[in-house]
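S.K.: Handing you this structure, nothing more for now.
The values are calculated or read from the model by the stated rules, or taken from the named source; none is laboratory data. Only a predicted model underlies this, so the values are computations on that prediction, with no experimental measurement involved. Methodologically, a virtual Cβ is constructed for each residue, glycine included, from the backbone with ideal geometry; neighbour enumeration extends over all protein chains shown. Calculation scope for accessible area: heavy atoms of the full protein, side chains included, ligands and nucleic acids excluded. Shrake-Rupley method; radii C 1.70, N 1.55, O 1.52, S 1.80 Å.
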Amino acid sequence: DVPMTYAGRLDPLASGLLMILSGEECKNKEKYLNLDKEYEFSVLFGFKTDTYDILGKVLETESKPLSGEDLEKLIKKNLKYFKGKIIQKYPMYSSKTVAGKPLFTYARENTEVEIPEREVNVKSLKYLNLKKVSLKKLLKDIEIRINKVKGDFRQKEILKIWGKVLSDEKMPKHFFVASFKIKATSGTYVRTIANDLGRKIGLPALAYTIKRTKIGKFEIS
């Protein structure tokens, strides 16, 4: 008979901390929602989707990726645009409401809507490393992770699209995945940063993995 709630949801493919409140602490939900959050995330270059992560329809691909050295230089050069106070548009596949409906409803209905934006503060954003992932490993990882997702997120359709895209003979044999650490105010979308970083560089990109490691003073040990 104890009331319970959560403070701050996670994307279907994200992992890490999710704060659960119980009893009288449920009344302080807003306080917990406003805490800064830290994430470890990786960005896959060469693909753009409508969700800004692998759980989306592939909208754009790049069959002639940059060399690892050139890509790393561009990442370091453009990372400054995503630090400090920035204006960020909400992803269409998000629960932000417009006229009483979440944005993802408009996206599923293919209905045009003015996408709201907000100011967020990225207090730190650190580039860690760049690794290669083979085409075979990429497809296997995508299949495993999407099959773990419960609920209605177009899984069958998305897996079919990825299978078709990655079986194209024009696809290179490997892609690059860059890893980062970020600390930002509540409401910052890591998926959007991944997508926008790719746009700034001139290469399709999406959030490959996202792990929330800290909420305020609470962190993964």
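S.K.: Quick check on the stretch 1-90: what does the Kirkwood estimate of hydrodynamic radius come out to from the alpha carbon pairs, in Å?
M.R.: On the way: mean 1/r = 0.0592 Å⁻¹.
One decimal place: 16.9 Å for the Kirkwood radius.
S.K.: Shape of the stretch 63-127 from its Cα gyration tensor (a ≥ b ≥ c, root eigenvalues): rounded if a/c is under 1.5, otherwise prolate when a/b > b/c, or oblate?
M.R.: Working: a/c = 4.00, a/b = 1.73, b/c = 2.32.
Oblate is the answer for the stretch 63-127, as a/c is 1.5 or above yet b/c matches or exceeds a/b.
S.K.: Next question. Suppose the Debye formula is applied to equal point scatterers at every Cα of the chain; what is log10 I(q)/I(0) at q = 0.12, 0.13, 0.14, 0.16 Å⁻¹?
M.R.: -0.68, -0.80, -0.93, -1.20
S.K.: Further question on the same structure: Given a 1.4 Å probe, how much area per residue of the stretch 1-70 is accessible, in Å²?
M.R.: Numbers: 3830 Å² over 70 residues.
That works out to 55 Å² for each residue.
S.K.: Next up: My understanding is that a pair violates if its Cα-Cα distance is over 19 Å; which of Lys89/Lys211; Lys80/Lys123; Lys140/Lys160 do that in this structure? It would help to have the intermediate numbers written out before the result.
M.R.: Details: Lys89/Lys211 21 Å; Lys80/Lys123 11 Å; Lys140/Lys160 13 Å.
Check vs 19 Å cut-off fails for Lys89/Lys211.
S.K.: I've got another one for you. So if each residue of separation counts as 0.36 nm, and I subtract the Cα-Cα distance between Ile220 and Glu169, what length gain in nm does that give? Don't jump to the answer; show the numbers that get you there.
M.R.: Details: separation 51, 0.36 × 51 = 18.36 nm, distance 4.19 nm.
Taking Ile220 through Glu169 to full extension adds about 14.2 nm, to one decimal.
S.K.: Is the C-alpha gyration tensor of the stretch 149-204 telling us rounded, prolate or oblate? Criteria: a/c under 1.5 is rounded; beyond that, a/b larger than b/c is prolate, otherwise oblate.
M.R.: Numbers: a/c = 2.61, a/b = 1.30, b/c = 2.01.
Judged from the Cα gyration tensor, the stretch 149-204 comes out oblate (a/c at least 1.5, b/c at or above a/b).
S.K.: Could you order the peptides 158-164, 130-136 from most to least packed, using the average number of other C-beta atoms within 10 Å per residue?
M.R.: Details: 158-164: 15.4, 130-136: 13.6.
The packing order, highest mean first, is 158-164, 130-136.
S.K.: Quick check: residue separation of Leu59 and Val98 times 0.36 nm, minus the Cα distance between them. What number comes out in nm?
M.R.: 11.6 nm
S.K.: So, one more: Can you give me the Cα centroid spacing of the stretch 142-199 and the stretch 69-141 in angstrom?
M.R.: One Cα centre to the other: 11 Å.
S.K.: Of Tyr39, Gly151, Leu130, which is farthest along the charge dipole of the chain in the positive direction, counting Lys and Arg as +1 and Asp and Glu as -1 at C-beta?
M.R.: Checking the options against the dipole of the chain, the answer is Leu130.
S.K.: Roughly how many percent of the accessible protein surface of the stretch 86-162 is carbon and sulfur, given a 1.4 Å probe and a whole-percent answer? It would help to have the intermediate numbers written out before the result.
M.R.: Details: 2590 of 5070 Å².
Percent of accessible area from carbon and sulfur atoms in the stretch 86-162: 51.
S.K.: Further question: I need the Kirkwood Rh of the stretch 73-164: take the reciprocal of the average 1/r across all distinct C-alpha pairs and report it in angstrom.
M.R.: With all distinct Cα pairs of the stretch 73-164 included, I get 16.7 Å.
S.K.: Could you work out how much longer the chain between Lys77 and Lys156 gets when fully extended? Use 0.36 nm per residue separation minus the Cα distance between them, nm to one decimal. Walk me through the numbers on the way to the answer.
M.R.: On the way: separation 79, 0.36 × 79 = 28.44 nm, distance 3.78 nm.
Extra length available between Lys77 and Lys156 comes to 24.7 nm.
S.K.: About the Cα centre of the chain, how large is the charge dipole given +1 on each Lys and Arg Cβ and -1 on each Asp and Glu Cβ? Please answer in debye to the nearest 20. Numbers along the way, then the final one.
M.R.: Numbers: 44 positive and 28 negative charges, 126 e Å.
Rounded to the nearest 20 debye, it is 600 debye.
S.K.: Any chance you could look up the accessible area of Thr185 with a 1.4 Å probe, heavy atoms only, rounded to 10 Å²?
M.R.: 40
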